[in-house]
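To start, the structure under review is shown below, and the notes come after it.
The values are calculated or read from the model by the stated rules, or taken from the named source; none is laboratory data. Only a predicted model underlies this, so the values are computations on that prediction, with no experimental measurement involved. Neighbour counts run over all protein chains shown; Cβ positions are idealised from the backbone, glycine included. Just the protein is used for accessible areas: all its heavy atoms, side chains included, with ligands, DNA and RNA removed. Shrake-Rupley method; radii C 1.70, N 1.55, O 1.52, S 1.80 Å.
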Amino acid sequence: MVAQTWEQMCPGADTAILYVHGILGTPMQFEPFFSLGKGYSQCSLQLDGHGGDAKAFARSSMKLWKAQVENKVQELLKTHRSLILVAHSMGTLFAISESIRYSDRVRGMFLVDVPLEIRLRPSLMGNCWKVFRGRIRSDDVRALAAQKAYGIGPDRKMWRYLGWIPRYLELFREIRLVREQVSQISVLCVAVQSGEDEMVSQAAADYLRRNPRIRVQEMPHSTHFYYPKEDKEQLLQWFSAFLAAATASGNRDNHA
C-alpha cells in the first residue's frame, strides 16, 4: 500500500514545510527530511491519481495537481505565518509558481532535480521496464530506488498506459511555462541537481543559474531517484543548512 498524504502539525509553530513529490512519485520520498524538520509543522502531499493504479493516474490531470498544491498552500497559510516549500521533479514546478504567488509568505524553497530541460537516457526505459516486470536484482540499486519512489502500482493491461500520454504532454507544457518564471523567484532558494539524472538535462541548471537568488548544487553520482550514500549525506547537510538560513531569515523579519 502506497502512503497517503503525511502530516505532522507542530503546536505553536509559525512556519510549515510543504513537500511536493514529482510525477509518478510518492510523499514518502521525503522521509529522510522529516526528522530535520522537527519544530515546524510538516505536510508531504500526495497528488491526485497517485497512490493507486495506472487507470487512476490517467484520469487525473495537471490542473488537479496544481489546484491541490495551491489549496494546501492556502490552507497552511491560514494557520501559519510563513511557509517553506520542498519539492522534487515536477513538484518543483508547482513550488516555483507558489513561491512567486506568495513571495511575502514563502520563507524559502529547497528544490531537487528541477526539470526545466528534459533529456531521456536509455537507462530510464530500462529501469521502467524492470519496475513494471517486478524483476530487479538485489544489487541493481538504481532500479530498486526507482521502484521505491514510484507511487503508481504496475498494471498488466498495457493499453491503460496510453492514458498517461496527456499527463506527460501537460507536464511538458508546464515546464515551458515555468522556465519563464524562474527569473521572478525572489525567495531564498537552493536547487540540487543530479549529475547522472536519466530524465533531466544538465542544461536545466543553466536556467536556474540565471537567477542569482538561486544557489545551485550538484550530486555528481546521483540519478533522478537514486542517491548514493555520500550524495545523500551531502543532500541532507544542504537541507539542514537551508532550514537554518530560512529560520535566521524569519527571525530577522520578526524583529524588523
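Out of (1) over 21 Å from Leu162 (Cβ atoms); (2) modelled with pLDDT under 95, the odd one out for Leu18 is which?
If we test Leu18 against (1) over 21 Å from Leu162 (Cβ atoms); (2) modelled with pLDDT under 95, just (2) comes out false.
Taking Gln29, is it open to solvent by 10 Å² or more (accessible area, probe 1.4 Å) and touching a His at 6+ places or on another chain (Cβ under 8 Å)?
In short, yes.
When the residues of segment 3-26 are filtered to those that are out of contact with any Leu (no Cβ under 7 Å at 6 or more places or on another chain) and of a type in the set (A, V, I, L, M), which remaining residue is most open to solvent (accessible area, probe 1.4 Å)?
Met9
Residues checked against (1) within 18 Å of Gln147 (Cα to Cα); (2) more than 16 Å from the chain's Cα centre (by Cα); (3) in a helix (DSSP H, G or I):
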site: Gln29; (1), (2), (3): yes, no, yes
site: Gly39; (1), (2), (3): no, yes, no
site: Ser44; (1), (2), (3): no, no, no
site: Leu64; (1), (2), (3): no, yes, yes
site: Gln68; (1), (2), (3): no, no, yes
site: Lys72; (1), (2), (3): no, no, yes
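In the set Met109, Met62, which member is modelled with pLDDT of 95 or more and closer than 22 Å to Lys232 by Cβ?
Result: Met109 is the single residue among Met109, Met62 that is modelled with pLDDT of 95 or more and closer than 22 Å to Lys232 by Cβ.
Could you check segment 199-227 and list, in sequence order, the residues that are more than 19 Å from Leu120 (Cα to Cα) and either in contact (Cβ under 8 Å) with a residue 12 or more places away in the chain or under 15 Å from the mean Cα position of the chain (by Cα) (or both)?
Leu208, Arg210, Asn211, Arg213, Ile214, Arg215, Val216, Gln217
Suppose we filter segment 75-104 for residues that are closer than 20 Å to Leu235 by Cα and assigned to a helix (DSSP H, G or I); how many remain? I'd like the intermediate steps shown before the answer.
From segment 75-104, those closer than 20 Å to Leu235 by Cα are 84-93, 95-96; that's our starting set.
Filter again for assigned to a helix (DSSP H, G or I), leaving 90-93, 95-96.
The qualifying residues number 6.
Counting only residues that are touching a Gly at 6+ places or on another chain (Cβ under 9 Å) and in a helix (DSSP H, G or I), which one in segment 46-62 is most open to solvent (accessible area, probe 1.4 Å)?
Arg59
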